[in-house]
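J.: Sharing a structure below in structure tokens format, with a few things to ask.
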Amino acid sequence: MSSFGDTEGVCFRQQDYVGFWKRLLIDAVDLLVIFLVWLAILLVFSLTLTVSPESMRGFSRPLLLGIGFLYLVLAKWSRWGTLGYRIGRARIVNFRGEHPGLGSLTIRFVFFVLGPF
């Protein structure tokens, strides 16, 4: 018995998996949505508040991470998913073929953010 609980998972056919080009499309759409929301919020803040560009730099990275978390974790966790997943007609499932939990999506986001480092 494994210390991780269930050791049985679901096997899928090869054609059930999202291919490279569809995965690239999904990621491009999702990253574009995150970037556009981030840019719109920064634009609204810069137009409504008299804030210097230097102080906006300190605000922009945490804002980008927050938007990324909301979109890549909470939107995927919701029943609607992200725009990229909807366009690509894909869905994310856990090892047992079920809708993933908030914890596993958060860990996935952390690896996405820290992966390049």
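Rule-based calculations on the coordinates, nothing more; no lab input. Only a predicted model underlies this, so the values are computations on that prediction, with no experimental measurement involved. Methodologically, a virtual Cβ is constructed for each residue, glycine included, from the backbone with ideal geometry; neighbour enumeration extends over all protein chains shown.
J.: Show me 11-18, 95-102, 36-43, 82-89 ranked by packing, highest mean number of other Cβ atoms within 10 Å first. Can you show the working numbers first?
T.: On the way: 11-18: 8.5, 95-102: 12.1, 36-43: 13.8, 82-89: 16.9.
Top of the packing list down: 82-89, 36-43, 95-102, 11-18.
J.: So what are the ³J(HN,Hα) numbers for segment 105-111, from phi and the Karplus equation (6.51, -1.76, 1.60; θ = phi - 60°), rounded to whole Hz, Gly and Pro as x?
T.: 5, 5, 4, 4, 5, 4, 5
J.: Mind pulling the angle between the C-alpha long axis of helix 53-69 and the longest principal axis of the chain? Nearest 10 degrees, somewhere in 0 to 90.
T.: 20
J.: Could I ask something else about it? Mind giving me the nanometre distance, one decimal, between the label points for Ala28 and Arg91, set 7 Å out from Cα along Cα→Cβ?
T.: With each label point 7 Å from Cα toward Cβ, the separation is 2.6 nm.
J.: Could you tell me the calculated FRET efficiency between Leu47 and Asp16, based on Cβ-Cβ distance and R0 = 35 angstrom, to the nearest 0.05? The partial results should precede the final answer.
T.: On the way: r = 47 Å, r/R0 = 1.33.
Calculated value: 0.15.
J.: If you average 1/r across every pair of different Cα atoms in the chain and take the reciprocal, what Kirkwood value do you get, in Å? Let's see the in-between values first.
T.: On the way: mean 1/r = 0.0609 Å⁻¹.
Answer for the chain: a Kirkwood hydrodynamic radius of 16.4 Å.
J.: Turning to a different aspect of this structure: Run the numbers on the chain and let me know its relative contact order in percent, using alpha-carbon pairs under 8 Å that are six or more apart.
T.: Values: 70 pairs, mean separation 37.4, N = 117.
Relative contact order for the chain comes out at 32 percent.
J.: Counting only helical runs of four or more DSSP H residues, what would the 222 nm mean residue ellipticity of the chain come to if each run contributes -39,500 (n - 2.57) and the total is spread over all its residues? Could the numbers behind the result be given before it?
T.: Details: 4 runs with 64 residues, N = 117.
That comes out to -18000 deg cm²/dmol.
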